[in-house]
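To start, the structure under review is shown below, and the notes come after it.
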Amino acid sequence: MNIIFDIAIIGGGIMGCGTALRVAEGGMSAIILEQGDIGQGASGVNAGTLSMQIKRVKLMPYAIKGHEMWEEMGDAVGFKKTGGYTLAFNDREAELLHERMTQKKQAGANIKFVSSEKVATAEPHLSKKIVAASYCPDDGYANSSLTGQYYRRKIDEKGIGLIEKFPVTYIRSTSEGWEIRSGDRSVVAHRILLAAGGWTKKIAEMMDVELPIRARVNTVSVTERAPKLMSGVIGHATGLLTMKQKENGTVLIGGGWQGKGLPEQGRGNVSIESLMPNLQLAQFALPELSNTRIVRSWTGFEANVPDFYPLAGKLPNKDNAYILGCVRGGYTIGPYISKLMGDYILGREPEMPLFDPARKIEEGRLI
Amino acid sequence: MIDVIVIGAGPAGANAALDAAGYGLKVLLIDEGRDAGGQVWRPKSTSIKKAPKTGAIVQGDTLRQKVRNSSIEVRFETRVWHIETDESENWLLALVGPEKEYTVKSKTLIIATGAYERVIPVPGWTMPGVFGLAGATALLKENMIVPGRRTIVAGNGPLLFFVASEVIRLGGRVSAVVSLNGLWDWVKALPAMLMRPILLLQGIKWILSLYLKRIPVYWRHGVKSVEGKEKVEGTSLTRVDKDWRPVPGPEIYIHGEALCYGHGLSPAIEATRLAGASHHFDPTLGGWVPTVDQYGRTSQSGLYVCGDNAGILGVGAAPIRGAMAAKAAYEDLSGNTGKEINKVIKKRAEIFGRAMTALSIPRAGLLDFIENETEICRCEGISRAEIYQEIKFGARSPNAVKSNTRCGMGPCGGRYCSETVALMASDFTGKTREEIGLPTARPPLRPVVMGEITDDLDYDDLPIPGVSPL
């Protein structure tokens with residue numbers, strides 16, 4: 001094993017693959033080390049929602065750029081721009097909706113408030129109990145299942161290295177840079193990027209770096225093929241429901257209801273106690289779903305830090321080591337922020353600022 | 001609190017429940033059927049008033065009577081759709097059924113979900129008039145209906161001869177029996193079959209009855225394609241070599257309006273996988289099986305298995321496997337010693353069962369029967385070519401193939417296609433089936449109607465956790 005790569009990237013999700021593509025364009029030799037299959041972690045199992053209405057205010061400019069990139073990727077990732085409604089069913093939710101969407105609008109998202117009559121005309125199958133709603137014509141979705149297939153082809157085209165089934169077990173710094181091992185296999189690179197989503201904390205610990213990373217265990221369900229029930233992406237004022245119907249008729253139901261398990265234990269498990277209210281809420285919003293069968297429910301790990309802002313920059317106190325992760329709305333923003341990360345690693349000034357992992361991270365406020 | 005929940009009321013599960021109740025444990029027995037008996041001792045349709053008393057009916061009726069006379073609480077026509085453990089390490093099951101009881105808890109769980117059939121596709125296999133071999137036995141047993149005017153029976157293993165003899169017994173016509181196994185495969189299995197002389201005799205009787213009726217038996221032949229315009233009109237056959245690859249030679253055409261077709265049974269491991277037990281691949285047990293001790297204890301504490309889902313050993317071994325799982329659960333719960341188990345009976349049944357199962361394990365040559373356009377995933381209509389392209393391009397795990405193609409995302413949950421996909425990936429890469437692995441186990445165990453798994457929502461009672469940060 002004599003090849004020394006310019007950079008080894010731990011994690012074959014959107015963040016890792018996106019950064020690899022950018023640094024390769026800039027002339028670096030890169031290798032992606034993936035514990036399972038490419039694009040099968042959070043990048044491949046999330047609900048695929050590309051909605052401005054669920055993005056954080058401060059991350060809106062990144063989300064807008066990310067959305068443009070998804071649109072360019074187009075059919076290869078199942079991109080659809082459908083527009084989307086966010087619904088409120090009582091006064092408290094209406095107030096919440098108004099406060100939140102106003103700020104998101106100010107941050108640049110193309111969001112407007114619409115009457116419940118308008119919603120009923122556009123989405124006739126939705127509940128008539130809607131008291132307030134907002135609409136964004138840019139909202140849509142992509143098919144997250146295709147993430148792996150998309151990036152596999154891209155990195156193959158660019159001649160980027162990829163080793164799958166390479167769970168990292170040991171990392172040490174050498175005179176050359178970094179040696180990364182999985183059992184008795186070893187890869188050496190001048191630089192290292194940690195982009196392993198929910199598994200990043202454990203990897204950083206191998207380098208003696210403690211990061212306050214936690215993992216949410218988000219639940220997603222899919223139905224059998226159903227007759228047309230909705231045309232756009234549907235959300236809820238609290239963020240606790242997302243729905244969309246794919247062209248094949250299947251309905252994807254998400255909303256961040258929490259399953260069980262930790263990244264180091266596997267892929268997480270669906271919890272009956274949170275799946276039930278998730279599906280009840282979906283049926284409340286769209287009553288005809290009651291006659292539809294759920295075919296599969298699953299979970300994915302969404303890594304975050306207490307302030308819910310990304311870790312994107314230099315790994316604290318280490319040379320030639322970087323980290324990218326914990327991006328809330330990471331599916332939408334991923335292609336863009338990984339491009340910025342690639343520029344940073346190449347020594348270029350990123351188009352928008354990154355998020356220094358060495359900042360003081362305070363507990364964020366949940367409303 | 002319930003001591004033991006048993007999922008599956010076939011000969012293994014029902015006997016586990018009976019023994020557990022006999023130990024004084026509080027037992028709940030759940031099955032999707034309308035009574036106990038499982039697939040093998042299936043109760044007759046209620047529309048059939050009179051039927052000859054075959055062994056299976058007598059044994060099934062006896063079992064059903066015993067369950068009724070026991071202290072076992074039963075939930076029939078009820079399906080378990082999710083399994084997890086709560087914070088006190090109790091089992092928590094989600095149910096769908098006639099009772100408005102959506103979840104149930106217990107200290108221990110015995111899984112006895114049996115088997116389902118394995119079918120490796122050939123051109124035309126999705127045409128109306130094609131039945132799975134095991135599906136055909138269900139039709140014959142429950143409804144006493146023969147599949148078609150003339151039936152062709154094809155595939156491998158012992159089920160072929162059972163189905164053919166049942167069709168004849170019920171007055172149907174069998175136009176041919178097509179067996180991938182050669183007569184030599186059977187001769188080699190003879191020593192193991194001597195462990196159960198009665199079953200051996202029964203098998204010989206089945207085969208002899210075919211010869212007496214001058215029904216052609218094609219040894220070491222496979223169905224090359226199912227022919228017909230809108231439904232089955234016949235099949236063309238070809239000779240196969242020892243790996244079951246088609247060998248060049250004259251094709252044989254057989255007329256028939258029904259084809260019963262299958263390649264043995266697969267252990268139904270979805271429930272044990274969802275419950276978190278470790279599994280491994282053992283061809284002589286039918287493929288992937290939970291890893292267990294001799295009593296059926298899995299790698300998860302408080303989780304036991306019995307019956308064909310723990311490895312295809314057939315009905316002969318089922319009751320004793322049930323008794324063993326009940327004994328293990330009782331001993332682990334109480335610290336007392338359960339009844340003595342006659343392990344000789346189990347051993348003999350196991351030797352016999354493994355030999356029969358080995359006859360049905362698909363060999364690599366079967367993949368050569370599948371053409372590019374042949375559908376592998378019939379729920380989603382995905383062809384061999386589409387799957388092969390993904391494998392060639394680097395998708396080597398069932399999860400990756402599924403993500404890229406939707407293969408296995410239909411209502412069957414991959415029961416029918418995942419075996420073929422794994423065989424293809426293993427054949428292409430030279431990797432073992434263990435290395436290829438299994439797709440992630442996820443609920444529901446079968447598709448569930450959303451309106452049936454929960455009560456109506458009182459909106460204000462909805463547990464709203466903290467909403468996302470602004």
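Observations on the structure shown:
- For segment B:304-410, the Kirkwood hydrodynamic radius from C-alpha pairs, put into Stokes-Einstein at 20 °C and a viscosity of 1.002 mPa s, yields a diffusion coefficient of 123 µm² per second.
- Karplus-derived HN-Hα couplings along segment B:296-302 (A = 6.51, B = -1.76, C = 1.60, θ = phi - 60°), whole Hz, x at Gly and Pro: x, 6, 8, 6, 9, 6, x
- Whole-percent P(r), segment A:109-176, all Cα pairs, 10 Å bins from 0: 14, 23, 19, 16, 18, 9, 3.
- Compactness of chain A, taken as the C-alpha radius of gyration over 2.2 N^0.38 Å, stands at 0.99.
- For trypsin sites (Lys or Arg not before Pro), the sites in segment B:235-343 that DSSP calls loop and that have at most 13 other Cβ atoms within 10 Å are B:LYS242, B:LYS339.
- The value obtained for chain B, namely the Cα convex hull volume divided by the number of residues, is 174 Å³ per residue.
- For segment B:189-320, the per residue solvent-accessible surface stands at 45 Å², with DNA, RNA and ligands left out and a 1.4 Å probe.
- Binned Cα-Cα distances of segment B:249-318, short to long, each 10 Å bin given as a whole percent: 18, 41, 16, 13, 9, 2
- Rg(Cα) / (2.2 N^0.38 Å) computed for segment B:233-365, rounded to two decimals: 1.37
- Interface residues of segment B:396-419, defined as those with an accessible-area decrease of at least 50 Å² between the chain by itself and the complete set of protein chains (probe 1.4 Å), are B:SER403, B:ASN404, B:ARG406, B:MET409.
- Accessible surface buried by the A/B pair amounts to about 4900 Å², both sides summed, 1.4 Å probe.
- Nearest-ten-degree value, helix A:60-73 long axis tilted from longest Cα axis of chain A: 90 degrees
- The convex hull defined by the C-alpha atoms of segment A:168-270 has an orientation-averaged projected area of 9.8 nm².
- In order along segment B:278-294, the phi-based Karplus estimate (6.51 cos²θ - 1.76 cosθ + 1.60, θ = phi - 60°) of 3J(HN,Hα) comes to 6, 10, 9, 9, 9, x, 6, 9, x, x, 6, 9, x, 7, 9, 7, 5 Hz; Gly and Pro are listed as x.
- Percent RCO, i.e. relative contact order, over segment A:141-204, from Cα pairs under 8 Å lying at least 6 residues apart: 17 percent
- Max mean-square fluctuation residue, GNM over chain A, Cα-Cα springs under 10 Å, options A:GLY197, A:GLY11, A:GLY148: A:GLY148
- For segment B:286-396, the share of accessible area belonging to carbon and sulfur comes to 47 percent (1.4 Å probe, ligands and nucleic acids excluded).
- Solvent-free Debye calculation, one equal scatterer per alpha-carbon of segment A:315-367: log10 I(q)/I(0) at 0.17, 0.28 Å⁻¹ equals -0.63, -1.26.
- Estimated from helices alone, the mean residue ellipticity of chain B at 222 nm is -9000 deg cm²/dmol (sum of -39500 (n - 2.57) over DSSP H runs with n ≥ 4, per residue).
- Antiparallel DSSP beta bridges within the protein assembly as shown, as percent of all bridges there, nearest 5: 60 percent
- At q = 0.09, 0.12 Å⁻¹ the log10 of I(q)/I(0) for segment A:15-144 amounts to -0.35, -0.58, computed by Debye summation with a single uniform scatterer per C-alpha, solvent ignored.
- Highest mean packing first, where packing is the average number of other Cβ atoms within 10 Å per residue, the peptides A:60-67, A:21-28 line up as A:60-67, A:21-28.
- Residue among A:MET207, A:MET15, A:MET230 with the largest mean-square fluctuation in a Gaussian network model of chain A, springs linking Cα atoms under 10 Å: A:MET207
- Across segment B:205-328, C-alpha contacts under 8 Å between residues 6 or more apart give a mean separation that, scaled by the residue count, equals a relative contact order of 14 percent.
- Protein accessible area in segment B:218-285, 1.4 Å probe - carbon and sulfur %: 53 percent
- Average Cα contact separation per residue, chain B, under 8 Å, 6 or more apart, as relative contact order %: 17 percent
- Grouping the Cα pair distances of segment B:1-127 into 5 Å bins from zero gives a pair-distance distribution of 2, 10, 19, 20, 17, 12, 9, 6, 3, 2, 0 percent in increasing distance order.
- On Cα atoms only, tilt of A:91-106 relative to the major axis of chain A in degrees: 50 degrees
- Degrees between helix A:330-345 axis and first principal axis of chain A (Cα, 0 to 90, nearest 10): 30 degrees
- Calculated P(r) of segment A:1-72 - Cα pairs past 18 Å, %: 53 percent
- Computed on the Cα trace of segment A:221-367, the radius of gyration divided by the Kirkwood hydrodynamic radius gives Rg/Rh = 1.06.
- In terms of its C-alpha gyration tensor, segment B:304-351 has an oblate overall shape, because the principal axis ratio a/c (a ≥ b ≥ c, square roots of the eigenvalues) is not below 1.5 and a/b does not outweigh b/c.
- For the residues B:THR113, A:THR121, B:THR78, a 1.4 Å probe over the protein chains yields an accessible-area ranking, largest first, of A:THR121, B:THR113, B:THR78.
- Among the listed pairs A:LYS65/A:LYS165; B:LYS141/B:LYS242; A:LYS65/A:LYS339; A:LYS158/A:LYS244; A:LYS55/A:LYS244, those with a Cα-Cα distance over 22 Å are A:LYS65/A:LYS165; B:LYS141/B:LYS242; A:LYS158/A:LYS244.
- Set of lysines with alpha-carbon distance to A:LYS360 below 20 Å, sequence-local pairs under 8 removed: A:LYS58, A:LYS201, A:LYS314, A:LYS318
- Shape category assigned to segment B:411-470 from the gyration tensor of Cα positions, a/c cut at 1.5: oblate
- Computed log₁₀ I(q)/I(0) - Debye formula, equal Cα scatterers, no solvent, the protein assembly as shown, q 0.04, 0.06 Å⁻¹: -0.19, -0.44
- Per residue, the solvent-accessible area of segment A:1-60 (1.4 Å probe, heavy atoms of protein chains only, all protein chains present) comes to 27 Å².
- For the segment B:80-87, counting C-beta atoms of other chains within 10 Å of every residue's C-beta and taking the mean gives 3.
- For GluC sites (Glu not before Pro), the sites in segment B:192-298 that DSSP calls loop and that have at most 10 other Cβ atoms within 10 Å are B:GLU230.
- Ellipsoid equivalent to segment B:167-216 - semi-axes via the Cα gyration tensor, in Å: 22, 14, 8
- Modelled this way, with points 7 Å down the Cα-to-C-beta line, the labels at B:LEU470 and A:ARG185 are 4.8 nm from one another.
- B:LEU18 accessible area, assembled protein chains, probe 1.4 Å, Å²: 30 Å²
- In segment A:284-355, the C-alpha radius of gyration followed by the widest Cα-Cα span (Dmax) gives 18.2, 57 angstrom.
- Helical content of chain A, expressed as a calculated mean residue ellipticity at 222 nm, amounts to -8500 deg cm²/dmol (DSSP H runs of 4 or more residues, -39,500 (n - 2.57) each, divided by residue number, nearest 500).
- Cα gyration tensor shape for segment B:206-301, rounded if a/c is under 1.5, else prolate or oblate: prolate
The values are calculated or read from the model by the stated rules, or taken from the named source; none is laboratory data. Bear in mind that the values here come from a model prediction, so they are computed numbers and not experimental data. Heads up, the Cβs are rebuilt from the backbone with ideal geometry, glycines too, and the neighbour counts pull from every protein chain shown. Protein only, heavy atoms only, side chains kept; ligands, DNA and RNA dropped before computing areas. Shrake-Rupley method; radii C 1.70, N 1.55, O 1.52, S 1.80 Å.
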